[in-house]
Structures are given as C-alpha cells and as structure tokens.
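Take a look at the structure set out below.
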Amino acid sequence: MTKKHNPHCKECGNNHTVKRGSRNGLKRYFCKNCKHVFSIDHRQKRPVFWIPYIDGIPYRNLGNEHGLTGTQVYRIVKKEMLNLPDNTWLTARYCNRYSGILIVDGKFVKVKGFKKKIPFIYAIDYLTHDIVVGILVKSECSEAYRKLFRLIKTTNYPLRVVCCDDVLTSLEPALNYHYPKAKIQLCQNHYLENIRQKLKVRTSRDHVKFFSNLKLHVFDEHVDTKQLKAVLYHFITGSARKNMLRQQIIMDIWSKRKYLFEYKNILNCPKDTNLIELFNSHLNARLKSIKGFKSLPSAEMFLNAYMIRRRTKKFTDCESKFKHLNGKCSLELSIKKQAEWPEIYGLKTPEM
C-alpha cells in the first residue's frame, strides 16, 4: 500500500511512489506509474529573513521566533539583501510585456548626512502594476529625471505616456531628451486639489459653486478641445469675469490642456496617479517604522529589496478592471513569455 506521506511524482503527478534510499542527504523515490526516479530534499532549511523584514516584521521579533538576537538577524538580513539582483537589471533582463503607460511619483526618505529628506523616484507600469525602475536621488531636479528616464531606456521599456504630478519644469525636459515622442498626462486629482487650495474652498464659501461647476463641466464632461474652449470662454465671460484669481485658473487650464486631457487620446491611460499613491501609502508606512537610514548605500539596498518584494508579492485586493490581477504578482505579468523565472534568494518560482 502506498504510504500517505510519500510525495507525488514530479514527472506524472501520481502518488504511487516508494522510497529508493538516499544520496547526499536527498531522499530518493521511485514512481510505480511512470518508472521515474526523483529526489527530494527533506533537510531542514535555514529560514529566509529579508522577506518578512521587508513586509514589516522587526529584527527583534524575527530573532525571538528563531532563537536569535536582533543583531544577528540584522546581519543576516543585510547579507541576504546584498545578494539580491538589481531591480533595474531584473527589468532589463527578464521583462518585456509592458503597456507603455508609466506612472511616475516619489517618496521622501530620511537618510543620515542629509539635512532634509531626499526623494526616492520610481515608475510603475499601469496595466501590470510592475515597478520598472526606482532611484534614490539628492533632489527632485531635471538631472534626477534624466537619470530615471535613462535607466528606463536601458530596459527597452516602450514608453508612450507618463502620468505624473505637476512637475513639468523638471520632468518634461528629461522626458523629451530620452523619449521625444512620449506624452505627459498630469494627475487631475492633484491639479484640482491645487485649485481647491488656491480658492480656499474648504474654509470659505465664496468659490464653492464656481469650483463645483468647474470640476463638473471642464474635468468630468468636456469631450474635445473645441468644447473645452467654449466651456472655458463661458466661465471667463460669466462667473470669472470680475475675479482675477478665477481668470488665472481658467487661463492655466487652457495653457495646460494638452497635459490635463492627454488620456482621451491614449487607450487605457489613466487621468490620475491613484495607483502609485496606493504604493506610496504602503511604502510610507514601512519607512515610518524604520525611522530613517544610516547611510545612502543602506537606503538604496533596502529600497532595491522593497521593489523586488513588491514585484514578487501576489495581489489580493485589486478591484474593478484590475480584479483579474488577484492571485498573481506583477513580475509574473511582465516577464517575457517562456522565460525562466529569475533566481531571487528565498523566492519560489510561481506556477505560470
């Protein structure tokens, strides 16, 4: 009779297997169904620490769980993270199934030796939710974005449009240098929030109706440039006619129309950066628990490990049009067809 604990055959999947001794610490089995001989490693494996640490479990807790000190766990985690591949190399070497729609944003990180927090800028492919590249820079300037798009270009990413906050003065020159044909879509949520603050809608009733009508007729309803021009002209000659601040807002919308409404010309392009904001909220919570890094290399090492972890962790709560992503990880969605799964310490190959 086949014993219950005997493993299934790796060749045919049948459970009619019997033991056939051992070799070099590996248990060998023979399949009665297909006559295949295979080995299984039953030896106790050392636990992987970098994954639970990135997920938010402190060194001390990990140490208590495995009979180690917090310092010992720290050293192990550091060694494991140093053995991880570079995230940009991972993209360039293994990935090519991308939409060309890139959402770019950043999060400020506290690093010892810098008076102020410095930006970590990263880019996510919209349809796969995969983190293509990410860099830690000293300031959010044009040169920083040049470096970002230069790295993106080395991965052969098919960039068509960049969705971002209102950082045109630093982002646009860098984008045009590396991707002259790529478009820009400004986040409408951030843009509307800036208008809301200028008008002090939350503290004063003077511009509440104007703002509501502006949001409805300009950002929610307009179809093309001709209609947009007509709607804005109606505002200029109507509710904004005697108010300079309102007129400035209307003129700014017209001057940035190609950035605010580019999503209408590109299939699947979002009109906001909500996706990366969700990533930011998770990263922000993790950075808050760390309370800063001792050096620039240690910050880069952690952020590289963080990006890899996010790319290899399965989605569980995607909704609406991204509901089909649940149960899969973003790297699984972007990896080249028939490509071997990259060797990443502590991570198993998903069933693809």
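Values as computed for the structure displayed
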| item | result |
| --- | --- |
| Longest exposed-site-free window of the chain, the sites being chymotrypsin sites (Phe, Trp or Tyr not before Pro) in a DSSP loop that have at most 16 other C-beta atoms within 10 Å | 115-344 |
| Cys163 long-range amide H proximity, modeled H, under 5 Å | Leu102, Ile103, Val104, Gln185 |
| Nearby aspartates and glutamates by direct alpha-carbon distance to Lys117 (threshold 16 angstrom, same-chain neighbours under 8 apart not counted) | Asp105, Glu140, Glu300 |
| Cα-derived Rg over Rh, computed across the range 176-320 with Rh taken as Kirkwood radius | 1.08 |
| Amide H contacts of Val109 (H built 1.01 Å from N, under 5 Å, at least 5 apart or other chain) | Ile118, Phe120 |
| Where trypsin sites (Lys or Arg not before Pro) fall in DSSP loop in the range 292-352, at most 12 other Cβ within 10 Å | Lys294, Lys314, Lys336, Lys337, Lys348 |
| Shape category assigned to the range 234-352 from the gyration tensor of Cα positions, a/c cut at 1.5 | prolate |
| DSSP-assigned coil residues among GluC sites (Glu not before Pro) in the range 253-352, each with at most 13 further Cβ atoms within 10 Å | Glu319, Glu340, Glu343, Glu351 |
| Antiparallel DSSP beta bridges within the chain, percent to nearest 5 | 70 percent |
| Residue pairs, from the table Lys242/Lys271; Lys183/Lys271; Lys115/Lys200, whose Cα atoms sit over 20 Å apart | Lys242/Lys271; Lys115/Lys200 |
| DSSP-loop trypsin sites (Lys or Arg not before Pro) across the range 129-188, with at most 14 other Cβ within 10 angstrom | Lys138, Lys181 |
| Cross-link partners of Lys328 among aspartates and glutamates (Cα-Cα below 20 Å; sequence separation of 8 or more within a chain) | Asp55, Asp125, Asp130, Asp317, Glu319, Glu340, Glu343, Glu351 |
| Cα gyration tensor shape of the range 219-285, rounded if a/c is under 1.5, else prolate or oblate by comparing a/b with b/c | oblate |
| Cα shape, the range 81-185, gyration tensor, a/c 1.5 rule | oblate |
| Per residue, the convex hull volume that the Cα atoms of the chain enclose (Å³) | 193 Å³ |
| Cα-based Rg of the range 273-313 normalised by 2.2 N^0.38 Å, two decimals | 1.22 |
| Mean Cα-pair separation over length for the chain, i.e. relative contact order, pairs under 8 Å, 6 or more apart, % | 17 percent |
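Laboratory data are not the source of any read-out in this text; all were calculated from the coordinates shown. Note that the coordinates shown come from a computational prediction; the quantities given were computed from them, not determined experimentally. We place every Cβ from the backbone using ideal geometry, glycine too, and count neighbours over all the protein chains shown.
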